[in-house]
1. Is one or more of the residues making up region 157-165 under 22 Å from the mean Cα position of the chain (by Cα) and open to solvent by 20 Å² or more (accessible area, probe 1.4 Å)?
2. Given the options Met214, Met232, name the one that is buried (at least 20 other Cβ atoms within 10 Å of the Cβ), aliphatic (A, V, I, L, M) and closer than 21 Å to Leu102 by Cβ.
3. When Ala91 is evaluated against the numbered criteria (1) farther than 30 Å from Thr216 by Cα; (2) open to solvent by less than 40 Å² (accessible area, probe 1.4 Å); (3) not polar (S, T, N, Q), which criterion, by number, is the only one it fails?
4. In region 129-167, what residues are acidic (Asp, Glu), modelled with pLDDT of 95 or more and assigned to a helix (DSSP H, G or I)?
5. Would you tally the residues in region 154-200 being of a type in the set (Asp, Glu) and in contact with a helix residue (DSSP H, G or I) (Cβ under 8 Å, 6 or more places away or on another chain)?
6. If you go through region 107-128 one residue at a time, how many are in a strand (DSSP E or B) and among the hydroxyl-bearing types (Ser, Thr, Tyr)?
7. Mind counting the residues in region 115-151 that are surrounded by fewer than 18 Cβ atoms within 10 Å (Cβ to Cβ), touching a residue at least 24 places away in the same chain (Cβ under 8 Å) and hydroxyl-bearing (Ser, Thr, Tyr)?
8. Checking Ala18 against (1) assigned to a helix (DSSP H, G or I); (2) open to solvent by 10 Å² or more (accessible area, probe 1.4 Å); (3) modelled with pLDDT of 95 or more; (4) aliphatic (A, V, I, L, M), which test does it fail?
Amino acid sequence: MSITRRGLLILATAVGLAGGSHFAYAADVLNVGSYPNNPPFEYKTANGGFEGFEVDIVNEAAKRAGMTTNIADYGFQALFAATSSKRIDVAISSITITPERLKSQSFTQPYYDSDMGVAAKDGSSIKALADLKGKTIGVLSGSTGEKWVNDNKAAQGFADVKGYNSQQDMFLDLGAGRIDAVVSDIPGMQYLFVKTKGFAIKDRIKTGEQYGLMMTKDSPLVAKINDAITAMKKDGTLEKIHEKWFGGKAPAGSSTVTELPIPKA
């Protein structure tokens, strides 16, 4: 009988220790939701893992906060419900910080300025937005770039605007000289130019959009993860991640290299 009691005591102790370890581990896991097809910010690899600019950011921030990450696949709209319901701690998917979103979500400080840009061939005489007067501009049909170009066609003096259904077709025409320049989102073009040579971003069109890690409203983890992002900016880690995924250094004064406050509603 005494052996049985001793055995039960050992078993109970073991279960208690195991349970303690489990809860300690769970507290050190940052649960992340990610849209699976948004390169170069995040995308799912053939083996089911995630890679990308924001994947590197959230992994490094979690590491500095003494945590590991568990990244799960979510549709874009589902990310907002998942943070609100606390199914995940963080959402990544090039999510713009807006006053409306800040009413129901919290964000870390921004780490990426999402502007549009003017792209042309490397040797082109086009050096800035002002040089597009009298030129034919390529845009992706239905994009914010198309809207901006059409809204500013008269003021900027564009000769013509040509819409495309794919980035590939647009840059094929740019390379062949059928259009003079392209106006599109800078992130996608930077990612393309890492592998496709012969083009360059000549000018930036400021739209004021910035991306941050979206988190559960007033989560106690916001400050902890935000502090890690601050440290990553100060020691140059965030700029190195930018260079890895976009093929160049972040612009001076951008949110990638500048410490900024946590956005408030």
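The values are calculated or read from the model by the stated rules, or taken from the named source; none is laboratory data. These numbers were taken from a predicted model, which means no experiment stands behind them. Note that each Cβ is placed from the backbone with ideal geometry, even for glycine, and that neighbours are counted across all protein chains shown. These area figures cover heavy atoms from the full protein model, side chains too; ligands, DNA and RNA do not enter into them. Shrake-Rupley method; radii C 1.70, N 1.55, O 1.52, S 1.80 Å.
1. At the first step, the residues of region 157-165 found to be under 22 Å from the mean Cα position of the chain (by Cα) are none.
No.
2. Details: Met232 fails: closer than 21 Å to Leu102 by Cβ.
Exactly one of Met214, Met232 is buried (at least 20 other Cβ atoms within 10 Å of the Cβ), aliphatic (A, V, I, L, M) and closer than 21 Å to Leu102 by Cβ, namely Met214.
3. Of the numbered conditions (1) farther than 30 Å from Thr216 by Cα; (2) open to solvent by less than 40 Å² (accessible area, probe 1.4 Å); (3) not polar (S, T, N, Q), the odd one out for Ala91 is (1).
4. Within region 129-167, the subset acidic (Asp, Glu) is 131, 146, 151, 160.
From what is left, the residues that are modelled with pLDDT of 95 or more are 131, 160.
Scanning region 129-167 gives a single hit, Asp131.
5. 2
6. As a first pass, look at region 107-128 and keep what is in a strand (DSSP E or B): 107, 112-121.
Restricting the remaining residues to those that are among the hydroxyl-bearing types (Ser, Thr, Tyr) gives 112, 114.
Counting residues in region 107-128 that are in a strand (DSSP E or B) and among the hydroxyl-bearing types (Ser, Thr, Tyr) gives 2.
7. So the answer is 4.
8. Single failed check for Ala18: (3).
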